[in-house]
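Read the figures in this text as sums done on the coordinates, not as results from a lab. Just so we're clear, the structure is a prediction, and the values are computed from it rather than from any experiment. Counting neighbours? That spans all protein chains shown, and the Cβs are built from the backbone with ideal geometry, glycine included.
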There are 4 protein chains.
Amino acid sequence: MAGAAERVREAALDLFADRGFHGVGIRQLAERAGLSSASLYHYMGTKEDLLAAIMRACLERLLADAEAAAAAHADPVARVEALVRAHVVSHAERPRETRVVDGELAALTGETRAEVVALRDRYERVWQDAIDAGAAAGAFAVGSPAVARRALLEMCSGVARWYDPAGPIPLTELADLYAAMARQLLGVRA
Amino acid sequence: MAGAAERVREAALDLFADRGFHGVGIRQLAERAGLSSASLYHYMGTKEDLLAAIMRACLERLLADAEAAAAAHADPVARVEALVRAHVVSHAERPRETRVVDGELAALTGETRAEVVALRDRYERVWQDAIDAGAAAGAFAVGSPAVARRALLEMCSGVARWYDPAGPIPLTELADLYAAMARQLLGVRA
Amino acid sequence: MAGAAERVREAALDLFADRGFHGVGIRQLAERAGLSSASLYHYMGTKEDLLAAIMRACLERLLADAEAAAAAHADPVARVEALVRAHVVSHAERPRETRVVDGELAALTGETRAEVVALRDRYERVWQDAIDAGAAAGAFAVGSPAVARRALLEMCSGVARWYDPAGPIPLTELADLYAAMARQLLGVRA
Amino acid sequence: MAGAAERVREAALDLFADRGFHGVGIRQLAERAGLSSASLYHYMGTKEDLLAAIMRACLERLLADAEAAAAAHADPVARVEALVRAHVVSHAERPRETRVVDGELAALTGETRAEVVALRDRYERVWQDAIDAGAAAGAFAVGSPAVARRALLEMCSGVARWYDPAGPIPLTELADLYAAMARQLLGVRA
DNA sequence: AATGAATGAGAGTTCATTCAT
DNA sequence: TATGAATGAACTCTCATTCAT
């Protein structure tokens, strides 16, 4: 018997990712989780708290992975490649979480939103620092490191919207493809 | 004095882009447009019709621009570059429309949704054909043309989420930056 | 070109008879009459006024016919038979009006309603007087003249709900059938 | 303390019978039932479902009574008389239900309406069969059995619109009166 | 832990009606 | 005569949430 708390989380992931936070009602959530709508409130605070918990967990994992990847590679080229691989793998393996993170930030309000935005900013900073370092070292040929960071991140995040783990592209190949595209995009010197 | 119909459209663009279709109420829409909620219905069918009209108009323009760009360039490299430039400029100049197109497809239902999806698919086909042609001609160094198309499109669409026309990067420079990144990403042979 | 006022009246008859006063919107009325909803108000007061006018006209005609029938026959048996025939013919020829009269009284309010109720009461009084006269004269075998009046009236009004002038029963035959049933119901002495 | 579900049903009966389905708002229903309009929806599906439930229940009871009456009497005269008595008693005892059944059929839509119409048709068939049998056996003197059935049914249904159980006519006497009128109307041979 | 009952607020939409043109 | 524009009020129904059991 899967724990009810886990079922609530799963239901929220499925539904928020597919229909968006505001497109999902508490009763749909409850039905999907196999609970009454009143029982839902034993496993969450408000609906917004549930969203925030999902976003925080996902961003914290993303951030931890990115910081680990950054720490593991002193060389900017290797570092960026490691960031790309981690990001792509995360988005391929947990597309629901990442779609929610990327798309439902506007549904958060007040303090909670500020916290999640801060996490996202920290995550982007890790990327920016790596790219800036490579650019400063002359390892990349990019017109604007800031624009390149945005382009790279968007490009990699898109994976969550189309990649099918049961499809023809294995996850390792996907990571290789994105790593290669990222290197080219950045104009990595041979 | 702007026409009321135009004010309704503007209000919808502002609000749908910022809070998402389901995050916007009919009364907010009306207030923003300077009308009563009842009067809104002189200028639209249902709320969903309003969304569909916005999406269709944007996609049709995007498609027309892309087909024009494709028709203007026989060379795959030039063609892809033209597509990138048109896409980036559109997303920079009309970020609200494009964010709605990219983010609210799930809010559409039934026949309308099918129509909009068909438009989007036609648009993506134009890109795919151009990329496939370049790959077939050996002009690009890409591991997978299909993945490259997705990466490119996501990368360029992201512009609508951050570019500020009043910021430090002029639009022409933005287009140049993305064109360059696209060429590198695709591994265009020198 | 049929007069617009007439078209409004026809539309109201069709729709009120089919869907009931509260089941019909002003826009449906307008569409059926080939006018805009605003233009409707050149030909009527309020929606309720329109209903009242229909009911009054129908009841006044019914009443005039009944009074004429009563005046034409001193003999109670002949008088009741004449009332039955007039009522049945009216309901067969103008089923929409009579269905509205029979079914939408509750939609009227205030003074108007009182007036229409008064008309209806006058109409029923003509019937009651005739039946009472026959009963007093020993011409009828009825347990209760008051109950008999109600039974007779309901029986005859039903015609408006099913009779089809294009069907197998000619109007004259219909009137004969009801006259015969009425005589039998009242136990007219041979 | 009456159950809330029962109070909703009672409120609907009172209001639908008096003002018609379309003449009653959900808030009036709620107020009459002593609930908020939102709470109403714990006890019903849609407003139309509520109407349909009332109509079905009433028609099913009517049908069961009629079939029992028909089964209990082989003789057509006795059978019709039993049908009349059952119908009159039902309409006298439950005038709200029967008025709703007789007057609000047009408010139903789609599948539900078809089901209720089918029930009504079955009910009328029981009457028609009995009358036809009597006519075939020469027990009745009627010009048209089909017209007679309509006349009889309308005559008896009218009871729901005027009979007052607290008035001067006891229910048993009412049934006797209608049975006698029905026999006479049908021209039952002595 | 679980839920039936309850609700104020709000959803999208239509209502009957008015009025300037 | 005719109507597009406009609206406050009402419509049916669902929202997220609470609470007694």
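Label-point spacing for C:ASP129 across the identical copies (point 7 Å from Cα in the Cβ direction), in nm and ascending order: 4.7, 8.9, 10.5.
Its relative contact order, with pairs defined as Cα atoms under 8 Å and 6+ residues apart, puts chain C at 25 percent.
Over the protein assembly as shown, the alpha carbon radius of gyration divided by the compact-protein estimate 2.2 N^0.38 Å works out to 1.41.
Can you give me the C-alpha center-to-center distance between region D:103-141 and region A:94-167, rounded to a whole angstrom? Each part reduced to its Cα centre gives a spacing of 71 Å. When the alpha carbon coordinates of region B:1-44 are projected onto the principal axes, the ranges are 26, 19, 15 Å, largest first. Seen from a random direction on average, the alpha-carbon convex hull of region C:1-140 projects onto 9.4 square nanometres.
From least to most packed, judged by other beta carbons within 10 angstrom and beginning with the fewest, B:LEU152, A:LEU171 follow the order A:LEU171, B:LEU152. With label points defined 7 Å past Cα in the direction of Cβ, position B:ARG19 shows copy-to-copy spacings of 1.9, 3.3, 3.3 nm, given to one decimal and shortest first. Show log10 I(q)/I(0) for region D:87-190 at q = 0.11, 0.22, 0.23 Å⁻¹, two decimals, from a solvent-free Debye sum over equal Cα scatterers. Reported log10 I(q)/I(0), two decimals: -0.40, -1.18, -1.22.
Plainly put, the tip 7 Å out from Cα toward Cβ on B:ALA78 is 4.4, 10.3, 10.7 nm from that tip on each other copy, the closest given first. Label sites at D:THR46 and A:ASP14, each approximated as a point 7 angstrom past Cα along Cα to Cβ, lie 2.7 nm apart. By Cβ position, the chain B residue that hugs the axis carrying B onto C most closely, with its distance in whole Å, is B:ALA38, 3. For the protein assembly as shown, the Cβ-based charge dipole about the Cα centre amounts to some 100 debye (Lys, Arg positive; Asp, Glu negative; other atoms uncharged). By the count of neighbouring beta-carbon atoms within 10 Å, fewest first, D:THR98, C:THR46 end up ordered C:THR46, D:THR98.
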